[in-house]
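Q: I'd like to ask you about the structure that follows.
The values are calculated or read from the model by the stated rules, or taken from the named source; none is laboratory data. All values reported here derive from a predicted model rather than from experimental measurement. Neighbour counts run over all protein chains shown; Cβ positions are idealised from the backbone, glycine included. SASA here: full protein model, heavy atoms, side chains in, ligands and nucleic acids out. Shrake-Rupley method; radii C 1.70, N 1.55, O 1.52, S 1.80 Å.
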Amino acid sequence: VQLQASGGGWVQPGGSLRLSCAASGSIFSINDMGWYRQAPGKQRELVARITRGGSPNYADSVKGRFTISRDNAKNTVYLQMNSLKPEDTAVYYCNVVIISRVFWGQGTQVTVSS
């Protein structure tokens with residue numbers, strides 16, 4: 001299983017970005033899909049997750065600003081990020097669970113600065 005993330009970049013505070021992550025390979029059924037992030041000098045942390053049925057959960061720090069969604073037909077998960085803050089700067093990693101195995105994408109850099 002390979003995960004290809006895209007959509008990162010630089011944006012000014014208050015701006016928006018949309019991340020995408022497409023899974024490919026020998027996939028029967030993906031359970032949870034999610035996004036994590038890791039800032040320099042910090043541990044990787046959960047940003048948002050979504051079940052196969054579409055139920056999301058979010059880190060408190062992004063509630064009301066970020067929206068996670070998925071397209072099961074395309075094996076793709078999205079993260080719409082609005083009202084971005086400098087503290088959102090990090091490498092963002094997508095993550096999927098297939099049966100009991102966890103797979104990670106390569107990471108995409110998001111930088112929020114003026």
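To keep it simple, each residue is scored yes or no on (1) at positive phi; (2) out of contact with any strand residue (DSSP E or B) (no Cβ under 6 Å at 6 or more places or on another chain); (3) of a type outside the set (A, V, I, L, M).
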site	(1), (2), (3)
32	no, no, yes
59	no, no, no
89	no, no, yes
100	no, yes, yes
107	yes, no, yes
114	no, yes, yes
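Q: So, residue 109, is that one open to solvent by 10 Å² or more (accessible area, probe 1.4 Å), part of a strand (DSSP E or B) and closer than 21 Å to residue 2 by Cα or not? First the steps, then the outcome.
A: Values: open to solvent by 10 Å² or more (accessible area, probe 1.4 Å): yes; part of a strand (DSSP E or B): yes; closer than 21 Å to residue 2 by Cα: yes.
Yes.
Q: Only residues that are within 18 Å of residue 1 (Cβ to Cβ) and among the charged types (D, E, K, R): list them for the range 48-80, please.
A: Within the range 48-80, 49, 52, 70, 71, 74 meet the criteria.
Q: Tell me whether the range 66-79 contains one or more residues that are in a loop (DSSP other than H, G, I, E, B) and hydroxyl-bearing (Ser, Thr, Tyr). Give the derivation first.
A: Applying the first criterion (in a loop (DSSP other than H, G, I, E, B)) to the range 66-79 yields 72-75.
Right, trim to hydroxyl-bearing (Ser, Thr, Tyr) and you get none.
The answer is no, given that none of the residues of the range 66-79 is in a loop (DSSP other than H, G, I, E, B) and hydroxyl-bearing (Ser, Thr, Tyr).
Q: Here's something else I'd like to know. Filter the range 32-71 down to the residues that are among the polar types (S, T, N, Q) and open to solvent by 60 Å² or more (accessible area, probe 1.4 Å), then identify the one that is nearest to the chain's Cα centre (by Cα). Full working, then the answer.
A: Of the residues in the range 32-71, the ones among the polar types (S, T, N, Q) are 38, 43, 51, 55, 57, 61, 67, 69.
From what is left, the residues that are open to solvent by 60 Å² or more (accessible area, probe 1.4 Å) are 38, 43, 55, 57, 61, 67.
Numbers: 38: 11, 43: 16, 55: 15, 57: 12, 61: 14, 67: 10 Å.
Only one residue tops the list, namely 67.
Q: Please specify each residue of the range 83-106 satisfying the condition of being assigned to a loop (DSSP other than H, G, I, E, B) and at pLDDT below 95.
A: From the range 83-106, those assigned to a loop (DSSP other than H, G, I, E, B) are 83-85, 89, 99-100, 105-106; that's our starting set.
Passing the criteria: 99, 100, 105, 106.
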